[in-house]
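The values are calculated or read from the model by the stated rules, or taken from the named source; none is laboratory data. For clarity, every value in this text was computed on a predicted model and none was experimentally measured. For neighbour counting, all protein chains shown are included, and Cβ atoms are generated from backbone atoms with ideal geometry for every residue, glycine included.
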Amino acid sequence: MAEKRKKSRLLELFKTLNENFGKMYWWPADSLDEMVIGAILTQNTSWKNVEKAISVLKKDNMDNFETILSLDKNLLESLIRPAGFYRQKAERLKTAARFFLKNRFVDRDMLLSLNGIGKETADSILLYGFNKPVFVVDAYTKRILTRHKIITNSDYDSVQQLFHDNLSKSVKLFNQYHALIVKTAKLYCKKKPICDKCPLLSDLIDNKISPLAIMRPLHNKKL
């Protein structure tokens, strides 16, 4: 697909979703500490489970780096158990807490050097926690763009570069766009998609992509 066409389609998708869903107000956190905690807890689990864990922490004002670092590891594990992988995540939370208490100004390389912090988590922290214009790529992003035949290569860096090259590097735009993608994937572009009710159906039709082909069983193919 020509680069000019990719840009116009990315903008068209954003416009359609933005008109359909409106302002997303994402990331749902009251502080940098809570945002980072949520970014780590959401690894390999649903946001509903993260909300349960954060609710437990917030109840006794434990959703901050100082408290996370001071908590007994076994106690922390029990508190965040609803988010799954609680032993692993407890260790990652303590590592992150120790790091952020020493470093309030960070870059991507610093974040990626931390145990358990990959590209998606690092970029989420930069975008939502530090207001840096970095587009967050997740499985939902890859799924939607693949099904709409905007990408063929789902490599993280390649997909991210697509957004960086074709959209204004705006924190506000990247924030809203990523949140809209997540919303769309959860409601419509699921593993078993509901294309006929999705606001992006018109994009499939306009680009001669068969919704029926997408809605057929995927035979274990992960998108």
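All told, Arg104 meets the bar of being surrounded by fewer than 16 Cβ atoms within 10 Å (Cβ to Cβ), at pLDDT below 95, farther than 22 Å from Leu10 by Cα and outside the structural domain of Lys7 (by TED's automatic domain parsing).
Among the criteria (1) within 26 Å of Lys197 (Cα to Cα); (2) more than 21 Å from the chain's Cα centre (by Cα); (3) at pLDDT 95 or above, the one Phe21 does not fulfil is (2). The residue pairs whose first member lies in segment 89-118 and is hydroxyl-bearing (Ser, Thr, Tyr), whose second member is outside any helix (DSSP H, G or I) and surrounded by fewer than 18 Cβ atoms within 10 Å (Cβ to Cβ), and whose beta carbons are closer than 9 Å, counting only pairs six or more residues apart or on different chains, are Thr95/Asn115; Thr95/Gly116.
Residue-by-condition table, conditions (1) out of contact with any Pro (no Cβ under 8 Å at 6 or more places or on another chain); (2) in the same structural domain as Arg9 (by TED's automatic domain parsing); (3) of a type in the set (Phe, Trp, Tyr):
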position	(1), (2), (3)
Ile150	yes, yes, no
Gln161	yes, yes, no
Asp165	yes, yes, no
Phe174	no, yes, yes
Leu180	yes, yes, no
Lys197	yes, yes, no
Leu200	yes, yes, no
Leu204	no, yes, no
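Tell me, yes or no, whether segment 133-142 has at least one residue that is over 13 Å from the mean Cα position of the chain (by Cα) and at pLDDT 95 or above. Within segment 133-142 (the criterion being over 13 Å from the mean Cα position of the chain (by Cα) and at pLDDT 95 or above), the answer is yes, since at least one residue qualifies.
Looking at Leu11, Leu57, can you tell me which residue is over 17 Å from the mean Cα position of the chain (by Cα) and in the same structural domain as Asp165 (by TED's automatic domain parsing)? After ruling out the rest, the residue left standing is Leu11. When Tyr188, Tyr177, Tyr128, Tyr140 are checked against the criterion of being without any contact (Cβ under 8 Å) to a residue 24 or more places away in the chain, within 26 Å of Glu19 (Cα to Cα) and among the hydroxyl-bearing types (Ser, Thr, Tyr), Tyr188 stands alone in meeting it. Among residues that are within 20 Å of Asp123 (Cβ to Cβ), hydrophobic (A, V, I, L, M, F, W, C) and either modelled with pLDDT of 95 or more or in contact with a helix residue (DSSP H, G or I) (Cβ under 8 Å, 6 or more places away or on another chain) (or both), Trp47 is not included. Selection of segment 1-18 for residues being without any contact (Cβ under 8 Å) to a residue 12 or more places away in the chain and either assigned to a helix (DSSP H, G or I) or within 22 Å of Thr67 (Cβ to Cβ) (or both) yields Lys4, Arg5, Ser8, Lys15. The set of residues from segment 65-92 being among the aliphatic types (A, V, I, L, M) and surrounded by 15 or more Cβ atoms within 10 Å (Cβ to Cβ) comprises Ile68, Leu69, Leu71, Leu76, Leu79, Ile80, Ala83, Ala90. Number of residues in segment 42-64 that are touching a residue at least 24 places away in the same chain (Cβ under 8 Å), assigned to a helix (DSSP H, G or I) and surrounded by 18 or more Cβ atoms within 10 Å (Cβ to Cβ) equals 2.
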